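Input: a single structure, listed below in structure tokens.
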Amino acid sequence: MKIRTLALAACAAAAMTAIALPAAAQGSGKIKVGLMLPYTGTFAALGTAIENGFRLYITEQGGKLGGREIEFVKVDDESNPAKATDNVNKLVKRDNVDVLVGTVHSGVAMAMAKVAKDTGTLLIVPNAGADAVTGAMCAPNIFRSSFTNWQPGYAMGEVMAKKGHKNAVTITWKYAAGDESVGGFKEAFQKAGGKVVKELSLPFPNVEFQALLTEIAALKPDAVYTFFAGGGAVKFVKDYAAAGLKKSIPLYGAGFLTDGTLEAQGADAEGLLTTLHYGDSLGTPRDNAFRLAYAKTYKLQPDVYAVQGYDAAQMLAAGLSAAKGDVTKKAEFTDGIRKARIDSPRGAFMLSKSHNPVQDIYLRQVGAKENKVIGVASKALADPARGCRM
Ligand code: PHB
């Protein structure tokens, strides 16, 4: 009798453990991916492109990565940092996801990274450039398929200095991504002897640019550097042209300014120069195949966000293959991603020691509704990963 009771108790304990473990650890077959992205607000289209890219790669692999089917739990994070910790905790603690994939907004991504670090949950960031995610907050279980905010900004600082611009005004949203993009730009521009005469900003996601554009007109700098993205970027480019500034003060930006936005910006974006780790006219067999598959599947042209989503799935595949489909084998999973050469549509890349892509930053110019690649602004640019101890 006593033995039977003990055995029952052991069974009950085992069942409880099974409930608490992530799906993959139970060998249930499916990997549970917590997809935390913006599906509303100024970054809504970016979230959709990331999900599209992510799903496209899985479809191309026959629906499985590392031998496992993939199941999704989706959250609209609204690009709202105030709701971010609750949203990510629900995915980790209530839904027991095996892997977190997200997000677009740097402030939200930092909350995700904090929870990932505290709980050991695997995290792949498919956009948000927050320098800290692969800097001070870096961890063995945190990866990024995109960029740091510093990377395109730094590359553009060099480009603008080489063009002979001596002084510049910056304008952006006042939050991590804007601050850090401007930070990267300033670092390179000042190193080359340039001067930033004024740093203008407005709160995210505001788009009341008029007063700031009036200030730019009065300051008359040689050039303007900007970080805006999504719906905000559409409006900024249109307002800059409408204010008559496009003809008199050249506008440059991190490439998000004109990525996924050209249809809506029309002629107002023509000729703009930007720096980014992707472009529309790479013309490589790898990119051509990706673009064709994406356009066929979604009846849409891909953009940088679609590429980052696609590559996040490639990174997950590399980790899962190395761990033989078992996400609880964290060391094998991490090693698999660290050693992988990601065959990205942007060009193959590997991760730095801090788990951020080391990649070429292209110089692109808007023409005929595309971001035409006109050169490489910075070859194999690695983020300095300040504060990362790993
Ligand atoms: C960010 O918040 O890090 C961010 C958002 C949109 C972009 C790029 C970066 O297009």
Picked from the stretch 92-129 (must be hydrophobic (A, V, I, L, M, F, W, C) and out of contact with any strand residue (DSSP E or B) (no Cβ under 9 Å at 6 or more places or on another chain)), the residue nearest to the ligand (Cβ to nearest atom) is MET110
Tell me which of these ILE70 doesn't satisfy, since it passes every other one: (1) of a type in the set (Val, Ile, Thr); (2) within 16 Å of the ligand (Cβ to nearest atom); (3) open to solvent by less than 60 Å² (accessible area, probe 1.4 Å).
(2)
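Return the residues of the stretch 324-342 that are open to solvent by less than 20 Å² (accessible area, probe 1.4 Å) and in contact (Cβ under 8 Å) with a residue 60 or more places away in the chain; say none if nothing qualifies.
GLY325, VAL327, PHE333, THR334, ILE337, ILE342
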Taking the stretch 202-244 only, how many residues are outside any helix (DSSP H, G or I), more than 14 Å from the ligand (Cβ to nearest atom) and either polar (S, T, N, Q) or under 25 Å from GLU158 (Cβ atoms) (or both)?
7
Tell me whether the stretch 123-144 contains one or more residues that are over 17 Å from the mean Cα position of the chain (by Cα) and β-branched (Val, Ile, Thr).
no
For the stretch 49-67, give me the residue count where each residue is without any contact (Cβ under 8 Å) to a residue 60 or more places away in the chain and surrounded by fewer than 16 Cβ atoms within 10 Å (Cβ to Cβ).
2
Residue pairs qualifying under the 8 Å Cβ cut-off, at least six apart or on distinct chains, with the first in the stretch 179-204 being in contact (Cβ under 8 Å) with a residue 60 or more places away in the chain and the second being assigned to a helix (DSSP H, G or I) and open to solvent by 30 Å² or more (accessible area, probe 1.4 Å), are GLU180/ASP131
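A quick yes/no check of all residues on (1) within 15 Å of the ligand (Cβ to nearest atom); (2) in the same structural domain as ALA155 (by TED's automatic domain parsing); (3) modelled with pLDDT of 95 or more:
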position	(1), (2), (3)
SER248	no, yes, yes
GLY253	yes, yes, yes
THR258	yes, yes, yes
LEU262	yes, yes, yes
GLN265	yes, yes, yes
ALA293	no, no, yes
Could you list, in sequence order, the residues of the stretch 267-277 that are more than 16 Å from the ligand (Cβ to nearest atom) and either out of contact with any Lys or Arg (no Cβ under 8 Å at 6 or more places or on another chain) or β-branched (Val, Ile, Thr) (or both)?
ALA267, GLU270, GLY271
Assuming SER321 fulfils every condition listed in (1) on the phi > 0 side of the Ramachandran plot; (2) open to solvent by 20 Å² or more (accessible area, probe 1.4 Å) apart from one, which condition is it?
(1)
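The values are calculated or read from the model by the stated rules, or taken from the named source; none is laboratory data. All figures in this text were calculated on a predicted structure; none of them were measured in a lab. We place every Cβ from the backbone using ideal geometry, glycine too, and count neighbours over all the protein chains shown. With ligands, DNA and RNA removed, areas are computed over all heavy atoms of the protein, side chains included. Shrake-Rupley method; radii C 1.70, N 1.55, O 1.52, S 1.80 Å.
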